[in-house]
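As structure tokens, the structure follows; a few thoughts come after it.
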Amino acid sequence: MKTIPIILCLIFLRTLGIAQVKADFPLVDYHVHLKGDFTYEKAVEHSKKTGIKYGIAVNCGMGFPTQNDSAALAWLDSMKGSPFMLAMQAEGREWVKMFSPAVIAKFDYVFTDAMTYTDANGKRVRLWIKEEVSVPDKQKFMDDLVNRIGKILSTEPVNIYVNPTFLPECIAHEYDKLWTRERMLKVIEFAVKNHVAIEINNRYRIPSERFIVLAKKHGAKFAFGTNNTDSNMGDLDYCLLMKKKVGLTASDMFAPKKKLK
Ligand SMILES: [Zn+2]
């Protein structure tokens, strides 16, 4: 019977913790999707309850419902008057040719990841789908991945690199070994040089603390993001843990050019 007061106490402490963070730190989740059972109404309610501001993103690109300017504009229109920032999640590498710069600019910010690409044999690969990935040579895979990230960050007009440093399941357990200091530095340098912020992803709990420390040292900016698939939003626990451990302050964080709502 004592569990309920303890749970209430823990919820209170968590809320208090978030309130304290908010006092000198912009608490924003830049990577939220209205997916599964997470409706617009639930997002409004959840954001109010937690005090975390949301950037709601629509997936734009090949294989997604939003594939052209008119669909992107229709989505923006459907979100008019919302309390959220509105983001384009640019998918695959084809997206740059599928949307006009004028329409891209209507979003508060744009982000992408390096999880979708066409390999040397012309096969389209999505790194999170086990069946599509094969890694015969881990070192070559990593070098190709780093080069691909570099190309994306220097040629695609994005503000945040999300799901950063993600590795496919077959090699994910070797994350710390494969993400060598040299490889991390290359990615960080591309991000800094091209003014692209690096997401701290709550769902995958990436990048590692080691990466974030190095990135901060080299002047990278960060953005918290959940990348939810349903209403199981969590509470940015990994992001806040990294903020505390690495000592991130408001000046380390990404801010969209347009004012926060
Ligand atoms: Zn996403």
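The values are calculated or read from the model by the stated rules, or taken from the named source; none is laboratory data. Just so we're clear, the structure is a prediction, and the values are computed from it rather than from any experiment. No Cβ is skipped: glycine too gets one built from the backbone with ideal geometry, and neighbour counts run over all protein chains shown.
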Practice problem: Could you please find all residues in region 168-184 being surrounded by fewer than 16 Cβ atoms within 10 Å (Cβ to Cβ) and under 19 Å from the mean Cα position of the chain (by Cα)? | Solution: GLU169, ALA172
Quiz prompt | Total residues in region 104-148, condition among the β-branched types (Val, Ile, Thr), away from the ligand (no atom under 16 Å from the Cβ) and free of Cβ contacts under 8 Å to residues at least 24 places away in the same chain | solution = 1
Quiz item: Mind checking which residues of region 184-242 are in contact (Cβ under 8 Å) with a residue 40 or more places away in the chain and among the aliphatic types (A, V, I, L, M)?
Solution: VAL187, VAL196, ALA197, ILE200, ILE206, ALA223, MET233, LEU236, LEU240, MET242
Quiz item: Just checking, which of THR66, THR39, THR50 is surrounded by fewer than 17 Cβ atoms within 10 Å (Cβ to Cβ) and either more than 18 Å from ASN163 (Cβ to Cβ) or in contact with a His (Cβ under 9 Å, 6 or more places away or on another chain) (or both)?
Solution: THR39
Quiz item: Does at least one position in region 130-142 carry a residue that is within 20 Å of the chain's Cα centre (by Cα) and either modelled with pLDDT of 95 or more or surrounded by 13 or more Cβ atoms within 10 Å (Cβ to Cβ) (or both)?
Solution: no
Quiz prompt | Condition check for PRO5: at pLDDT below 95, within 16 Å of the ligand (Cβ to nearest atom) and of a type outside the set (Ser, Thr, Tyr) | solution = no
Practice problem: Mind listing whichever residues of region 30-56 are hydroxyl-bearing (Ser, Thr, Tyr) and within 16 Å of the ligand (Cβ to nearest atom)? | Solution: TYR30, TYR54
Self-check item: Members of region 57-92 found to be within 16 Å of the ligand (Cβ to nearest atom), assigned to a helix (DSSP H, G or I) and in contact (Cβ under 8 Å) with a residue 24 or more places away in the chain, listed by number
Solution: ALA72
Quiz item: How many of the residues in region 107-121 are exposed (fewer than 14 other Cβ atoms within 10 Å of the Cβ) and either touching a Gly at 6+ places or on another chain (Cβ under 6 Å) or assigned to a loop (DSSP other than H, G, I, E, B) (or both)?
Solution: 3
Quiz prompt | Hits in region 144-197 - residues which are more than 21 Å from ILE104 (Cα to Cα) and of a type in the set (S, T, N, Q) | solution = ASN147, THR165, THR180
Exercise. Answer yes or no: is there a residue in region 236-259 that is over 30 Å from ALA43 (Cα atoms) and either at pLDDT 95 or above or away from the ligand (no atom under 16 Å from the Cβ) (or both).
Key: no
Quiz item: Of the residues in region 118-129, how many are at negative phi and over 24 Å from the mean Cα position of the chain (by Cα)?
Solution: 3
Practice problem: Sort out which residues of region 97-122 are within 20 Å of LEU145 (Cα to Cα) and touching a helix residue (DSSP H, G or I) at 6+ places or on another chain (Cβ under 8 Å), and write them in order of number. | Solution: THR112, ALA114, TYR117
Practice problem: Need at least 2 residues that are of a type in the set (D, E, K, R), within 13 Å of the ligand (Cβ to nearest atom) and at pLDDT 95 or above per element, so show me which helices (runs of 4 or more DSSP H) inside region 155-231 make the cut, counting only ones lying wholly within it. | Solution: none
Exercise. Would you mention how many residues in region 204-257 are touching an Asp or Glu at 6+ places or on another chain (Cβ under 7 Å) and either closer than 14 Å to HIS31 by Cα or of a type in the set (Asp, Glu) (or both)?
Key: 9
